[in-house]
Amino acid sequence: MDILALIAAFGGGVIGAYMGAVPAFVMTGVFALVGGVATAAGVDGGVAINSIAFGSFLGPHIAFAGGVAAAGYAGKQKKLASGADVVSSLNGLGEPDVLLVGGIFGVIGFVLAALIGAIPLGALGTLGTLTDLPGICVVISGIIVRFVFGTTGLTGKYTGSGPRVWFSTGKGLLCNIILGGGLGCAVAFVGATLYTAGNEVALGIFPIICFGFSATTLLFACGGLACPATHHIALPAGLATVVGLHAFQSPAGAVLGVVFGILGALGGDLAGNSINSHVDTHIDPPATTIFILTIVVNLIGKALGV
């Protein structure tokens with residue numbers, strides 16, 4: 001374990017707390033996008049991607065998770081209207097203990113990633129290579145926050161008069177299918193053009209570019225616009241596109257990306273309704289969807305010999 005990176009993770013958690021979890025995640029997207037595009041263009045973008053976007057500086061399991069924890073703590077202490085508020089900049093509270101909690105959970109996220117990433121899975125490698133490591137750590141950290149600072153339990157406390165909605169139906173379902181399919185089409189068939197052009201470097205980094213784009217668009221959500229989270233659509237779609245193209249040696253393999261774009265949208269809806277509704281802390285639906293679908297994509301890839 002890199003002790004310097006561990007110390008830096010405390011700072012990353014503080015960043016997530018003072019900026020707010022989602023604003024910090026937007027910056028994760030910016031650096032992922034910049035680093036991904038630079039790499040695709042033949043320039044080394046490793047620092048932007050590995051050290052900043054997914055490292056101790058802005059890694060979602062560190063900065064975003066730290067912001068989530070700080071909000072949960074602030075809500076419990078009645079310093080924030082809702083512990084599930086992951087958009088507000090908590091520096092405005094002027095409370096040192098809130099920032100400290102963010103830093104502590106940044107360290108927890110770093111340690112979780114080190115431990116979970118090393119879990120051996122035999123022929124499948126390690127858990128860290130089978131799934132999205134930041135995603136699964138964000139979810140585990142969020143569950144810890146829920147049970148330490150929250151009062152609503154894993155699936156929330158529903159107090160309404162009618163039946164609780166666990167999965168959107170009607171127009172909501174149709175919107176999710178179109179959203180997932182539409183973004184999945186864009187991701188999949190841009191990926192197919194890279195494959196057809198023989199640009200393996202760009203194709204390999206393409207899922208990170210897609211993730212960075214979607215994460216960055218949350219800037220508009222922070223500004224009050226009805227812009228949805230879509231990184232749980234774009235990243236699985238990008239990963240599935242790469243697997244499909246290589247497995248079937250044809251641009252038609254990109255269709256797998258469209259399928260996973262739709263699955264991402266539907267999975268995010270289910271996760272949002274089941275673990276992040278009627279709650280007082282935040283467990284991230286996109287991260288939940290990403291780590292599960294990444295496992296599925298990787299298993300499909302291994303089955304197809306990719």
Could you rank the peptides 150-160, 113-123 by their average count of other C-beta atoms within 10 Å per residue, with the highest value first? 150-160, 113-123
Towards the positive end of the charge dipole of the chain, with charges on Cβ (+1 Lys, Arg; -1 Asp, Glu), say which of Phe57, Gly264, Val187 has the farthest Cα. Gly264
So how far apart, in nm, are the two label points at Asp44 and Tyr158 if each is 7 Å from Cα heading toward Cβ? 5.3
Residue-level accessible surface for Thr289, protein heavy atoms, 1.4 Å, Å²: 10
Per-residue ³J(HN,Hα) for the range 31-47, Karplus 6.51 cos²θ - 1.76 cosθ + 1.60, θ = phi - 60°, Hz, x for Gly and Pro: 6, 5, 5, 5, x, x, 5, 4, 4, 4, 8, x, 9, 6, x, x, 5
Under the 0.36 nm per residue contour assumption, what length would be gained going from the current alpha-carbon distance of Thr129 and Ser89 to full extension? 11.1 nm
Based on the Cβ-Cβ distance from Thr193 to Lys302, what FRET efficiency comes out when R0 is 22 Å, to the nearest 0.05? 0.25
Extension gain, Ala81 back to His278 (0.36 nm per residue minus Cα-Cα distance, nm): 69.5 nm
May I ask you to list the lysines whose Cα is less than 20 Å away from that of Lys157, ignoring any residue fewer than eight positions away on the same chain? Lys76, Lys78
Accessible-area ranking of Asp44, Asp284, Asp85, largest first, probe 1.4 Å: Asp44, Asp85, Asp284
Using +1 at the C-beta of Lys and Arg and -1 at the C-beta of Asp and Glu, which of Tyr18, Leu93, Val111 has the Cα lying farthest in the positive direction of the dipole of the chain? Leu93
How much mean residue ellipticity at 222 nm does the chain get from its helices, if each DSSP H run of length 4 or more adds -39500 (n - 2.57) and you divide by all residues, to the nearest 500 deg cm²/dmol? -21500 deg cm²/dmol
Cα-based Kirkwood hydrodynamic radius, the range 62-206, one decimal, Å: 18.6
Under a 5 Å amide H to amide H cut-off, with H placed in plane at 1.01 Å, what residues pair with Thr126 once short-range neighbours are removed? Leu121
Net charge within 12 Å of Gly83 by Cβ-Cβ distance, Lys/Arg positive one each and Asp/Glu negative one each, not counting Gly83 itself? +2
Between the range 154-200 and the range 232-286, what is the C-alpha centre distance in whole Å? 7
Taking the Cα centre of the chain as origin and charging only Cβ (+1 Lys, Arg; -1 Asp, Glu), how large is the dipole, in debye to the nearest 20? 580
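The values are calculated or read from the model by the stated rules, or taken from the named source; none is laboratory data. Worth saying up front: this structure is predicted, and the values here are computed from it rather than measured. Here Cβ is always computed from backbone atoms with ideal geometry, including for glycine, and neighbour counts include all displayed protein chains. Side chains are part of the model used for accessible areas, which takes the heavy atoms of the whole protein and leaves out ligands, DNA and RNA. Shrake-Rupley method; radii C 1.70, N 1.55, O 1.52, S 1.80 Å.
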